[in-house]
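Coordinate-derived values only; no laboratory data. As the structure is a computational prediction, the values presented were derived from the model and not from experiment. Cβ placement follows ideal geometry from the backbone for every residue including glycine, while neighbour counts extend to all protein chains displayed.
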Amino acid sequence: MSTDALLSVANLTASVDEKTILHNVNLNVRAGETHVLMGPNGAGKSTMGHVIMGDPVYTVNEGTITFDGADITELSCDKRSRAGLFLSFQAPVEIPGVPLSSFLRATIAGRPGLEMKGKEFRRRVKELAAQLDMDTAYLNRELGVGFSGGEKKKVEMLQLLLLQPKLAILDETDSGLDVDALSVVSRGMDAYRASCDGSLVIITHNTRILEHLTVDRVHVMVGGRIVREDDASLIPWIDEHGFESFEREAAGTADER
Amino acid sequence: MAKQRTEVADIDRSLYDFRYDEEGFERLDAGLTPEIVTEISQRKDEPQWMLDFRLKSLEIYNRMPNPTWGPSIAGLDMDHIVTYVKPNTDQKADWDSVPDDIKNTFERLGIPEAERSYLAGVGAQYDSELVYHNMQDTASKMGIVYSGIEEALHEPKWEAIIREKFMTLIPPTDHKFAALHGAVWSGGSFVYVPKGVKLDFPLQSYFRLNAAGAGQFEHTLIIVEDDADLHFIEGCSAPKYNVANLHAGAVELFVGKRAHLRYSTIENWSKNMYNLNTKRARCDEEGEIEWISGSFGSHVGYLYPMSVLAGRKSKSSFTGITFAGAGQNLDTGCKVVLGAPETTATVETKGISKGGGIQTFRSSIVATPAAEGSAATVSCQSLMLDDESRSDTIPSMDIRAKNVDIGHEATIGRIGDDKIFYLMSRGISEEEARTMIVNGFANPVSKELPLEYAVEMNNLIKLEMEGAIG
């Protein structure tokens, strides 16, 4: 285990409604690195993202999560956010009656170096919206209400760029997007890396979004366990062969027990 | 018991002094008498017809039973009702006796020092009176009458109009508290907008009340003549504190042909109050009434503004929010009578319950046989903030006309954990996240309010939400 990791997940076991989803998972991400967490549907990838972020739906039964030198296993998710963690949601929620701009304003309130005055804030948000090909009219609309899948993902990217976290977990940010939206998301990731050299953990089950990225490490998850870790060369291999061999292997391991 | 005695002992005796004999004392203890009602009327130097009206109302009041279909009003001390009806009210409250939570709320809402005393029921008149007079001047230049209803009763011209309209929309036979109101009403506003006059700023009764020192049995009578337009705002969001705990006001609104009236209220009585208020509007041809209603205060509330759509193509819209916290049982809603062809009504309400509070939405839509071609939609959304709170929806529809289109939808829900997690994952605290969601839920109402009221309402929700976690 590398001691200089920004994020270190050690021997993590987590459950929901007394059903164990994650089994003894380890993950180490250094500052500035890009990791990919891959695996078939239902492997526990999203759960992993949510548990790292501190979703109270899940119970951590064993193990620790360390971020930026501090044990955050017991920390509430708002404090994890303020410590520099970010999770882009696969299905962002809708909050009727709350304008997107007011919400964005609340996310940066009280954050040293990020809190801005009204005018400056509006300029910054407009700038980011333009960067993401987002109509600024959205800023006055109710958060998520009536937004298409692509628009919701753009809003997630906008927050990523506004908050400039030290580490961002992108949970299936690419799923269900058309080619144009996909390129916007890619641009968002590039802009994030360029602006603050933040770390990325990209959760995905297809490799398309990774084409333009320099990936440091690939983790394959099956049945709530990390079954394989390798460098970026694993990506084209998975592209060709899929996850079947990992799934067979995992099933075999389970049988042996 | 000891406490009640203290309350009785504390009241100003001046009203009863003239009959300060054993016999009179007995009657006072027993409740309202014709003598007391007569005394109220005489003190106000009212015309005979009004005294007769009061006495008739008193008879009805004594005859009628308490309502049993809504929240319990058993805690209402009706035996000492005379405590509440004393004219020239001198509540004997002092600043020290105002509960701390109310003082704190004034502080947090940013209510100016001088107005706090008024709202706490211990003060008299302040600089806001100036605002009231300015408002009155501007309005009167346009031919609008905006005065105390008791003052208007002393002008022969307005007396005739008041006599014609007074308690015709809300007859004393309507319910026990309407009868009580008819017997002991005191203070309130009279507004008359002549034909075709459109006022482009809202009249606010808050200042009116301030100047008149009225409050608990106030009668509001508004007449908007044909083609005229008025926005009237009643109350303010600071808690009004009274020693006595019954509010039984009445609001009667007459909307002429093609006229428009918007009536906005934020009610926030202190949380010992039984708010048994009655509000009604009648619209002539193509006339339109808009109700904006926020109910936050009171221990028990019965409040169902009613629109009688009497003219062809007249319209009613009701937008309301009710927030019931710990110890509150608020039964609110709206009634509409579609009484002419091609009338339309919309009812959109939001209900919030928290800390064991009970919030009930009650609606009634009646389409008379004359209502052919009319349409009404009723929508109610309720939000329960915890497991101990309660929200109910009780819609009623009585359709006696052909070709009417009536729709009703109701949803009752909780704040989704996924929404809280999402907001918190962006660094927003749990309390802030809940407040944000509740404010968003209330937004359809607050956006209808003038800015300063909308801000106050949001502050109020924020106050109510504080300490909601845990």
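The H on the amide N of B:Gly351, modeled in the peptide plane, is under 5 Å from the matching H of B:Thr322, B:Gln381, B:Ser382, B:Leu383, each at least 5 residues off or on a different chain. Let me know the shape class of the range A:110-150, please: from the alpha-carbon gyration tensor, a ≥ b ≥ c as square roots of the eigenvalues, rounded when a/c is under 1.5, otherwise prolate if a/b is greater than b/c, or oblate. Judged from the Cα gyration tensor, the range A:110-150 comes out prolate (a/c at least 1.5, a/b above b/c). A crude spin-label estimate for the pair A:Thr214 and A:Lys19, with each label 7 Å from Cα along the Cβ direction, gives 4.2 nm. Taking the charge dipole of the range B:320-470 about its Cα centre, with +1 at Lys and Arg Cβ atoms and -1 at Asp and Glu Cβ atoms, the residue from B:Gly356, B:Phe323, B:Ala340 reaching farthest to the positive side is B:Ala340. Computed from the C-beta positions of B:Asp77 and B:Gln48, the FRET efficiency with R₀ = 30 Å rounds to 0.40. In terms of surrounding Cβ atoms within a 10 Å radius of their Cβ, B:Ile352, B:Ile222, A:Ile108 rank from fewest to most as A:Ile108, B:Ile222, B:Ile352. Ordered by the count of other Cβ atoms within 10 Å of each Cβ, fewest first, B:Trp158, B:Trp269 give B:Trp158, B:Trp269.
With R₀ set to 45 Å, the beta-carbon distance separating A:Glu74 from A:Arg248 gives a calculated FRET efficiency near 0.75.
Across peptide A:136-146, the mean count of Cβ atoms from other chains lying within 10 Å of each residue's own Cβ comes to 1. Shielding by partners for peptide A:81-88, expressed as the average number of C-beta atoms from other protein chains within 10 Å of each residue's C-beta, is 3.
Reported to the nearest whole Å, the Cα centre-to-centre distance from the range A:73-111 to the range A:142-217 is 16. Estimated translational diffusion coefficient (Stokes-Einstein, Kirkwood radius over Cα pairs, 10 °C, 1.306 mPa s) of the range B:248-298: 131 µm² per second.
Each Lys and Arg Cβ is given +1 and each Asp and Glu Cβ -1; about its Cα centre, the range B:400-466 then shows a dipole of about 360 debye.
Our helix-only sum for chain A, with -39,500 (n - 2.57) per DSSP H run of n ≥ 4 divided by its residues, gives a mean residue ellipticity at 222 nm of -11000 deg cm²/dmol.
Between the beta carbons of B:Asn403 and A:Asp133, assuming R0 = 60 Å, the FRET efficiency works out to 0.75 to the nearest 0.05. The shape of the range B:418-470 comes out prolate: with a ≥ b ≥ c from the C-alpha gyration tensor, a/c is at least 1.5 and a/b beats b/c. Within the range A:162-193, name every residue whose backbone N is under 19 Å away from a label modeled 7 Å from Cα of A:Ala31 along the Cβ vector. Under cut-off, by backbone N: A:163-169, A:192-193. By the count of other C-beta atoms within 10 Å, a proxy for reagent exposure, A:Leu114, A:Leu22, A:Leu6 are ordered fewest to most as A:Leu114, A:Leu6, A:Leu22. Its Cα centre serving as origin, the range A:7-256 has a Cβ charge dipole (Lys and Arg +1, Asp and Glu -1) of approximately 1340 debye. Per the Kirkwood formula on distinct C-alpha pairs, the Rh of chain A is how many angstrom? Here the Kirkwood hydrodynamic radius works out to 18.9 Å.
Under the shape rule built on the C-alpha gyration tensor, where the axes satisfy a ≥ b ≥ c, the range A:1-97 is rounded, since a/c falls short of 1.5. Look at the dipole of the range B:249-310 built from charges on Cβ: of B:Gly287, B:Val300, B:Ile266, the Cα furthest out on the positive end belongs to B:Val300. Among residues other than A:His50 with Cβ under 15 Å from its Cβ, the summed charge is -3 (Lys and Arg +1, Asp and Glu -1). Loop-resident trypsin sites (Lys or Arg not before Pro) (DSSP state other than H, G, I, E or B) in the range B:307-411 with no more than 15 further Cβ atoms inside 10 Å of their Cβ: B:Arg400, B:Lys402. Per residue of peptide A:106-118, the mean number of Cβ atoms on other chains within 10 Å of the residue Cβ is 2. Inter-label distance, B:Glu466 to B:Leu55: 5.3 nm, where each label sits 7 Å from its Cα along the C-beta direction.
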